[in-house]
Amino acid sequence: MTVRVPGKLNLHLGVGDVRGDGYHDLCTVFQAVALTDDVTVSVAEEPGVEVVGEGSAAVPAGASNLAWRAVQTLATHVGRDPDDPKVRVAIRKGIPVAGGMAGGSADAAATLVALASLWRLEMGRDELATIAAKLGSDVPFLLHGGNALGTGRGEQIVPVLSRHTYHWVLAFDRRGLSTPDVYTELDRLRAEGDPPRVGSVEPLLEALATGDPRQLALLLGNDLQAAAVSLRPGLRRTLRAGVSAGALAGIVSGSGPTCAFLCGDAQSAVEVAAELSGAGVCRTVRVAQGPVPGARTVGGEETR
Ligand code: C5P
């Protein structure tokens, strides 16, 4: 059973103060983009996780892999033995590892959908979303895909309709960034001074509804960007290079270090990608459009 799952960008990421449980209150607009991982779950006597593809060497293959935690959590939920679930998970990565595009959360979301199908569980997406939220803040969105408004720690999502397809260029950095480190850096910057915060989310939601990438470009904003740039100052150069190459705007994706550049159309995205590749500011450049659906079985039956 193979499930394809996209990565995400945050078009707007407003980070509130740190909560009692260590998480931060968020107000975010997610968009799922067509940079995907394929997750195959099969019945096996020898349980485990294997990972190939983009940055796979950096992905933990053992019990600390989020996809494996998804297996154990779903097994427990349906009364199977979480320590001997008799399944193997094979992940083909296209989403950058530790890149701020929720690659690990995507694999967890895909694993839930694949296992629900493999085990023929009579589970709706809402029940899966509740389990997803336990695994990570971004997992419910990656089940869903499209565009969505996320609140709470990001796990409470409401779909946002948009008629338009947007064209992005993504610049992967040479090394990843740890999400907790970036949040901690933001807390430090805020304790020291008063870094600017993104404004209300409303104008961006209105721009999404119009479908005009030029309007959307003016409203992209990410409170984690200052923290990611503080930890990885070279990102400033990457962001400048994308805009000089002709993108409408550039932004750090989530906690970074991937940078996302919004382009006017598909042709412009190809041109920006080519120029950015030659600029020597990042490891790899990809073109991806969004929004796209969340975790879906490939060439098989859909779970309800
Ligand atoms: O939920 P998830 O496990 O993906 O989050 C990873 C880390 O990112 C958390 O342990 C926390 O340090 C940070 N985080 C946060 N506030 C959020 C989401 C994540 O501080 N809303």
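Among the residues of segment 31-90, those identified as more than 29 Å from residue 12 (Cβ to Cβ) and of a type in the set (Ser, Thr, Tyr) are 40, 42, 56, 64, 73, 76. Considering only segment 155-166, I want to know if a residue exists there that is over 30 Å from residue 287 (Cβ atoms) and outside any loop (DSSP other than H, G, I, E, B). Scanning segment 155-166, I find at least one residue that is over 30 Å from residue 287 (Cβ atoms) and outside any loop (DSSP other than H, G, I, E, B), so the answer is yes.
Exactly one residue out of 25, 38, 17 is out of contact with any helix residue (DSSP H, G or I) (no Cβ under 9 Å at 6 or more places or on another chain) and assigned to a strand (DSSP E or B), and it is 25.
Here is a yes/no grid of residues against (1) surrounded by 18 or more Cβ atoms within 10 Å (Cβ to Cβ); (2) under 23 Å from residue 250 (Cβ atoms); (3) not assigned by TED's automatic domain parsing to the domain that holds residue 183:
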| site | (1), (2), (3) |
| --- | --- |
| 16 | no, no, yes |
| 24 | yes, no, yes |
| 27 | yes, yes, yes |
| 36 | yes, yes, yes |
| 46 | no, no, yes |
| 52 | no, no, yes |
| 55 | yes, yes, yes |
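Condition first: surrounded by fewer than 15 Cβ atoms within 10 Å (Cβ to Cβ), more than 26 Å from residue 283 (Cβ to Cβ), modelled with pLDDT under 95 and more than 11 Å from the ligand (Cβ to nearest atom). Can you find one or more residues in segment 168-176 that meet it? No, segment 168-176 contains no residue that is surrounded by fewer than 15 Cβ atoms within 10 Å (Cβ to Cβ), more than 26 Å from residue 283 (Cβ to Cβ), modelled with pLDDT under 95 and more than 11 Å from the ligand (Cβ to nearest atom). Among the criteria (1) out of contact with any Pro (no Cβ under 8 Å at 6 or more places or on another chain); (2) within 16 Å of the ligand (Cβ to nearest atom), the one residue 72 does not fulfil is (1). Here segment 75-116 is the region considered, the condition is being closer than 16 Å to residue 52 by Cβ and more than 17 Å from the chain's Cα centre (by Cα), and the residue that is nearest to the ligand (Cβ to nearest atom) is 89. Among the residues of segment 1-21, those identified as modelled with pLDDT of 95 or more, closer than 26 Å to residue 115 by Cβ and either more than 18 Å from the chain's Cα centre (by Cα) or within 16 Å of the ligand (Cβ to nearest atom) (or both) are 2, 5, 7, 8.
Scanning segment 22-50 for residues that are at pLDDT 95 or above and within 11 Å of the ligand (Cβ to nearest atom) returns 23, 24, 25, 26, 27, 28.
The sole residue among 151, 165, 111, 184 that is modelled with pLDDT of 95 or more, surrounded by 18 or more Cβ atoms within 10 Å (Cβ to Cβ) and of a type in the set (S, T, N, Q) is 111.
The values are calculated or read from the model by the stated rules, or taken from the named source; none is laboratory data. Computed from a predicted model, the values in this text were never measured in an experiment. Here Cβ is always computed from backbone atoms with ideal geometry, including for glycine, and neighbour counts include all displayed protein chains.
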